[in-house]
2 protein chains.
Amino acid sequence: MADGGAQVRNKDGIAAALGVLKQQFGERFQTGQAICEQHGHTTTWIENQMPDGVVFARSTAEVAQIVKVCAAHQVPVIAFGTGTSLEGHVNAPLGGISIDLSQMDKVLEVNAGDLDCRVQPGVTREALNTHLRDQGLFFPIDPGANASIGGMTATRASGTNAVRYGTMKDNVINVEAVMADGSIIRTARRAKKTSAGYDLTRLMVGSEGTLGIITEITLRLQGIPEAMSAARCSFPSVEAAAKTVMAVIQYGVPVARIELLDSAMVGAVNAYSKLDLPVSPMLLLEFHGSDAGVAEQAETFGMLAEEQGAMGYTATKTLEERNKLWQARHDAYWAMMTIRPGCDAVASDVCVPISRLAEALTLAEAKAAEMRVVAPTVSHAGDGNFHATVLVNMADADEVTRAKGFISWLNDMAIGMEGTCTGEHGIGQGKRPYLERELGPETLAVMGLIKKALDPANIMNPGKILSQ
Amino acid sequence: MADGGAQVRNKDGIAAALGVLKQQFGERFQTGQAICEQHGHTTTWIENQMPDGVVFARSTAEVAQIVKVCAAHQVPVIAFGTGTSLEGHVNAPLGGISIDLSQMDKVLEVNAGDLDCRVQPGVTREALNTHLRDQGLFFPIDPGANASIGGMTATRASGTNAVRYGTMKDNVINVEAVMADGSIIRTARRAKKTSAGYDLTRLMVGSEGTLGIITEITLRLQGIPEAMSAARCSFPSVEAAAKTVMAVIQYGVPVARIELLDSAMVGAVNAYSKLDLPVSPMLLLEFHGSDAGVAEQAETFGMLAEEQGAMGYTATKTLEERNKLWQARHDAYWAMMTIRPGCDAVASDVCVPISRLAEALTLAEAKAAEMRVVAPTVSHAGDGNFHATVLVNMADADEVTRAKGFISWLNDMAIGMEGTCTGEHGIGQGKRPYLERELGPETLAVMGLIKKALDPANIMNPGKILSQ
């Protein structure tokens with residue numbers, strides 16, 4: 001554990017840093033209540049903990065300058081992208097300075113011949129794909145939200161098509177980062193693979209701003225596939241759906257997406273989107289490849305699904321029909337919110353070996369019923385990753401307690417199945433209690449040693465991942 | 001930089017450790033000249049630096065016990081798999097204890113449903129694939145040598161089919177490792193993806209035994225594809241061949257292997273294997289997939305190759321014919337050795353962005369001629385990774401100087417093209433001079449801080465990757 005770091009709010013240091021930053025950044029440094037609240041805001045139920053000021057940085061040099069000011073005064077510094085993280089990643093429990101990177105939003109270069117590009121951290125996923133489209137390229141990682149590439153890198157994001165294209169860990173070639181002492185590093189060069197020393201790229205990916213602030217990212221890109229098609233079908237049970245997913249993966253069908261909605265989620269979507277889907281577990285798929293390739297994938301999938309008793313198999317290639325087919329998935333969040341109007345949605349995130357997915361989903365459904373918690377699930381099934389989103393009336397203290405109990409149980413169940421408490425959302429503040437249970441004190445100690453070595457004063461996003 | 005570590009041979013500590021280990025391990029602890037030499041032996045031209053003793057460990061607990069003895073006496077400890085590393089990775093510049101892991105050779109579990117397995121570090125690549133075959137599974141990483149999985153993990157190995165299946169970084173799910181204080185960590189759990197804290201898995205992959213000793217590895221597996229086919233064709237120039245490779249990658253053809261042999265290598269193979277191939281650059285490919293899929297891949301490749309003036313395109317599906325087609329590649333090493341009988345072969349390893357591959361190979365050929373060095377090349381072309389193997393008469397001091405000069409030039413050229421001095425062999429001792437040129441002092445400083453934090457006494461494979 002990083003035991004050398006500050007544990008309490010450094011009032012004097014913060015006051016001094018605020019003065020210096022005001023002088024250096026003028027209008028681009030803000031301390032107003034609304035802006036500070038917005039930069040502590042997260043989409044979790046974790047209490048908002050505001051920073052003391054927000055700097056809108058425009059260059060790596062400026063980020064380094066801000067970090068140096070914070071280092072000199074031992075003041076926390078928290079990177080902010082779009083604020084769509086889910087576990088309190090941008091909260092400022094000890095106050096400090098939020099560095100808003102949204103103005104560092106340039107695509108710096110695209111190397112079409114190498115299928116890579118270099119971007120600033122504030123570029124959003126959608127903006128990048130808009131930029132790339134004319135060149136026949138795309139960046140495949142899709143966590144749902146229109147997150148910034150910097151934030152996605154920092155949380156090791158993934159999402160619906162990780163089953164084919166991997167996660168941010170697999171799609172970042174190198175990063176430039178400002179470290180706790182203000183030094184600027186580049187973790188690797190632009191070659192597609194490297195064995196040159198410690199894999200600092202992967203160390204920074206998923207470090208949640210606790211080791212340094214990512215100021216540039218070189219990403220792998222993909223050519224837009226010649227053909228895409230989509231398919232959907234329903235199953236008599238979660239087990240049948242999950243068995244189909246396992247078969248698909250074992251068979252080596254290179255599905256681009258394979259999502260599993262449970263009955264509750266399908267019911268909600270029916271009501272919200274005025275659809276008439278069978279209220280039973282449903283798989284939604286997307287296939288990428290050549291014309292013949294996607295046809296073959298869809299056919300193989302159909303065969304494997306049929307063996308598990310699939311119903312209502314539908315497949316299509318046209319964009320319009322594909323969007324219609326996937327509407328259930330796109331609408332899932334908003335549909336779910338209508339189940340209990342006025343409630344808060346608390347998105348959990350666990351990941352288990354695929355062979356345990358059916359069991360995990362079945363147990364979760366039973367446990368939710370037992371605990372009287374409403375928690376429909378959607379799974380990135382090809383990765384064994386699923387979200388049980390708990391719909392909670394925050395005004396009902398007993399319900400809040402039960403919801404917390406359910407989430408705690410869910411994490412422990414996943415860990416007990418050789419899985420993880422987070423497949424893609426990250427640890428932040430919310431998952432810290434589970435990290436040690438998952439990996440053990442010896443592994444946590446190694447993480448703590450690295451944190452302490454790279455950030456001895458514990459100024460980089462303190463209180464995230466590790467307990468201090 | 002790790003400035004706290006020992007820089008000189010700790011004679012007293014070594015003597016004390018030898019005594020303790022003899023007592024604890026009896027016949028499984030050896031100090032004979034032949035065994036010690038064999039454990040310092042590497043396939044590089046780097047001088048053999050023997051350890052003082054070799055322990056044949058049989059369990060993680062024993063590895064921890066040995067590391068604790070070495071830690072207590074501040075004695076270097078070097079993990080040894082099969083000794084096929086190429087940059088002096090297993091040398092003992094300050095003496096110390098080699099831990100031979102070849103007896104830790106068990107496949108501990110295979111989870112066919114999850115396409116993963118857990119193995120001890122001494123399991124070799126071939127032994128693993130023999131074990132898996134009956135279950136329709138295989139482990140795709142193939143660095144050429146029948147290396148141990150532990151060694152492949154420690155050096156971030158890859159090889160011919162990384163273009164499709166990735167490198168060890170992409171295929172290790174977690175490792176168990178003994179750290180410098182003898183503590184045992186597990187870096188992650190068995191889920192296919194995770195965002196749970198720092199990516200210690202990727203930190204250990206490629207750390208070359210300098211941060212800890214890997215004692216178990218959980219690997220991703222692949223289903224043996226329904227169909228495989230192979231293809232071969234020649235090109236009027238390296239540029240035409242490299243342009244074809246770029247087109248293949250951009251087109252998204254999921255080739256399993258795409259290897260480029262230069263004219264010199266083809267000439268050597270003709271002589272050695274009594275073949276009659278056109279003496280010009282040649283691409284060799286392997287396709288994996290469904291029957292229809294591999295046919296389509298071969299067809300698309302043929303079309304792209306034809307556009308670049310390919311000659312003598314041959315494709316086949318039968319195992320026997322495939323082996324015959326690939327004979328040129330399989331024989332390349334031995335064929336090359338016959339170019340200059342009695343010479344040593346010094347394998348270099350650089351990797352550049354694919355768009356620079358043609359230029360890099362062309363420049364390398366010209367430079368070799370200019371420096372009067374014989375250095376045929378073979379490329380894992382889909383990754384931009386190539387080996388110029390210098391054939392050196394070690395008795396000719398001037399030639400040795402020229403060969404060293406060529407290799408130095410080659411590394412700098414790759415770095416100058418935004419590439420790396422090592423795509424897959426690792427840094428070891430031989431590539432250390434290039435690492436700082438490649439990544440800069442700030443990045444090296446971060447690596448040094450991590451090394452010092454996890455191994456303050458610098459006992460874990462000292463003198464590798466970093467300069468101390």
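The values are calculated or read from the model by the stated rules, or taken from the named source; none is laboratory data. Predicted model only: the values in this text are computed from it and were never measured. Note that each Cβ is placed from the backbone with ideal geometry, even for glycine, and that neighbours are counted across all protein chains shown.
From the residues in segment A:133-143 that are touching a helix residue (DSSP H, G or I) at 6+ places or on another chain (Cβ under 9 Å), touching a residue at least 40 places away in the same chain (Cβ under 8 Å) and more than 10 Å from every other protein chain (Cβ to nearest Cβ), which one is farthest from A:GLY88 (Cα to Cα)?
To start, the set of residues in segment A:133-143 that are touching a helix residue (DSSP H, G or I) at 6+ places or on another chain (Cβ under 9 Å) comprises A:135-143.
Now narrow it down to the ones that are touching a residue at least 40 places away in the same chain (Cβ under 8 Å): A:136-140, A:143.
So of that shortlist, the ones also more than 10 Å from every other protein chain (Cβ to nearest Cβ) come out as A:138-140, A:143.
Numbers: A:PHE138: 30, A:PHE139: 26, A:PRO140: 25, A:PRO143: 17 Å.
Per the stated criteria, the residue is A:PHE138.
Given the residues A:VAL294, A:VAL378, A:VAL269, A:VAL346, which is the only one that is out of contact with any Gly (no Cβ under 9 Å at 6 or more places or on another chain), in a strand (DSSP E or B), farther than 21 Å from A:LYS243 by Cβ and aliphatic (A, V, I, L, M)?
Working: A:VAL294 fails: in a strand (DSSP E or B); A:VAL378 fails: farther than 21 Å from A:LYS243 by Cβ; A:VAL269 fails: in a strand (DSSP E or B).
A:VAL346 is the lone residue from the list that is out of contact with any Gly (no Cβ under 9 Å at 6 or more places or on another chain), in a strand (DSSP E or B), farther than 21 Å from A:LYS243 by Cβ and aliphatic (A, V, I, L, M).
Enumerate the strands (runs of 3 or more DSSP E) found wholly within segment A:180-249, keeping only those where 2 or more residues are buried (at least 24 other Cβ atoms within 10 Å of the Cβ), facing another protein chain (nearest Cβ under 9 Å) and polar (S, T, N, Q). Walk me through how you get there before you give the answer.
Working: elements: A:184-186, A:212-220, A:227-234.
In segment A:180-249, no matching strands (runs of 3 or more DSSP E) lie anywhere.
Does A:ALA256 count as without any contact (Cβ under 8 Å) to a residue 12 or more places away in the chain and within 14 Å of another protein chain (Cβ to nearest Cβ)? Explain how you work it out, then say what you get.
Working: without any contact (Cβ under 8 Å) to a residue 12 or more places away in the chain: no; within 14 Å of another protein chain (Cβ to nearest Cβ): yes.
In short, no.
When you look at A:GLN74, is it surrounded by fewer than 23 Cβ atoms within 10 Å (Cβ to Cβ), of a type outside the set (Phe, Trp, Tyr), touching a Phe, Trp or Tyr at 6+ places or on another chain (Cβ under 9 Å) and outside any helix (DSSP H, G or I), yes or no?
Values: surrounded by fewer than 23 Cβ atoms within 10 Å (Cβ to Cβ): yes; of a type outside the set (Phe, Trp, Tyr): yes; touching a Phe, Trp or Tyr at 6+ places or on another chain (Cβ under 9 Å): no; outside any helix (DSSP H, G or I): yes.
Judged against the criteria, A:GLN74 is not a match.
Those residues that are surrounded by 20 or more Cβ atoms within 10 Å (Cβ to Cβ), out of contact with any Asp or Glu (no Cβ under 6 Å at 6 or more places or on another chain) and assigned to a loop (DSSP other than H, G, I, E, B), I need them from segment A:430-456; list them, please.
The answer is A:ASP455, and nothing else.
Scan segment A:156-170 residue by residue and report those that are assigned to a helix (DSSP H, G or I) and either surrounded by fewer than 24 Cβ atoms within 10 Å (Cβ to Cβ) or in the same structural domain as A:THR420 (by TED's automatic domain parsing) (or both). Lay out the reasoning, then the answer.
The initial filter retains those residues of segment A:156-170 that are assigned to a helix (DSSP H, G or I), namely A:162-165, A:168-170.
Within segment A:156-170, A:ARG164, A:TYR165, A:ASP170 meet the criteria.
Looking at (1) of a type in the set (A, V, I, L, M); (2) away from chain B (no Cβ under 14 Å); (3) crowded, with 21+ Cβ neighbours inside 10 Å; (4) touching a Phe, Trp or Tyr at 6+ places or on another chain (Cβ under 6 Å), can you tell me which one A:VAL294 breaks?
(2)
Given (1) of a type outside the set (D, E, K, R); (2) out of contact with any Ser or Thr (no Cβ under 9 Å at 6 or more places or on another chain); (3) not in a loop (DSSP other than H, G, I, E, B), identify the lone condition not met by A:PRO93.
Result: A:PRO93 passes all but (3).
Kindly list, by first and then second residue, each pair from a residue in segment A:106-131 that is within 14 Å of chain B (Cβ to nearest Cβ) to a residue that is surrounded by fewer than 19 Cβ atoms within 10 Å (Cβ to Cβ) and acidic (Asp, Glu), limited to pairs with Cβ atoms under 8 Å and residues at least 6 apart or on different chains.
Short answer, once both residue conditions are applied: A:CYS117/A:GLU109; A:ARG118/A:GLU109.
Tally time: how many residues in segment B:298-329 are of a type in the set (Ser, Thr, Tyr), in a helix (DSSP H, G or I) and without any contact (Cβ under 8 Å) to a residue 40 or more places away in the chain? Give the steps one after another, and end with the answer.
Taking segment B:298-329 first, the residues of a type in the set (Ser, Thr, Tyr) are B:300, B:313-314, B:316, B:318.
Still in the running and in a helix (DSSP H, G or I): B:300.
Subsequent filtering for residues that are without any contact (Cβ under 8 Å) to a residue 40 or more places away in the chain retains none.
Qualifying residue count for the region: 0.
Condition check ((1) touching a residue at least 60 places away in the same chain (Cβ under 8 Å); (2) in contact with a His (Cβ under 7 Å, 6 or more places away or on another chain); (3) in the same structural domain as B:PRO93 (by TED's automatic domain parsing)) across all residues:
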residue	(1), (2), (3)
B:GLU399	no, no, no
B:ALA403	no, no, no
B:PHE406	no, no, no
B:ALA414	yes, no, no
B:GLU418	yes, no, no
B:CYS421	yes, no, no
B:GLU424	yes, no, no
B:ARG437	no, no, no
B:ILE450	yes, no, yes
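May I ask you to say which residue of B:ILE415, B:ILE407, B:ILE427, B:ILE465 is within 14 Å of chain A (Cβ to nearest Cβ) and either part of a helix (DSSP H, G or I) or touching a strand residue (DSSP E or B) at 6+ places or on another chain (Cβ under 9 Å) (or both)? Break it down into steps so the answer makes sense when it comes.
Working: B:ILE407 fails: within 14 Å of chain A (Cβ to nearest Cβ); B:ILE427 fails: either part of a helix (DSSP H, G or I) or touching a strand residue (DSSP E or B) at 6+ places or on another chain (Cβ under 9 Å) (or both); B:ILE465 fails: either part of a helix (DSSP H, G or I) or touching a strand residue (DSSP E or B) at 6+ places or on another chain (Cβ under 9 Å) (or both).
When all the criteria are applied, what remains is B:ILE415.
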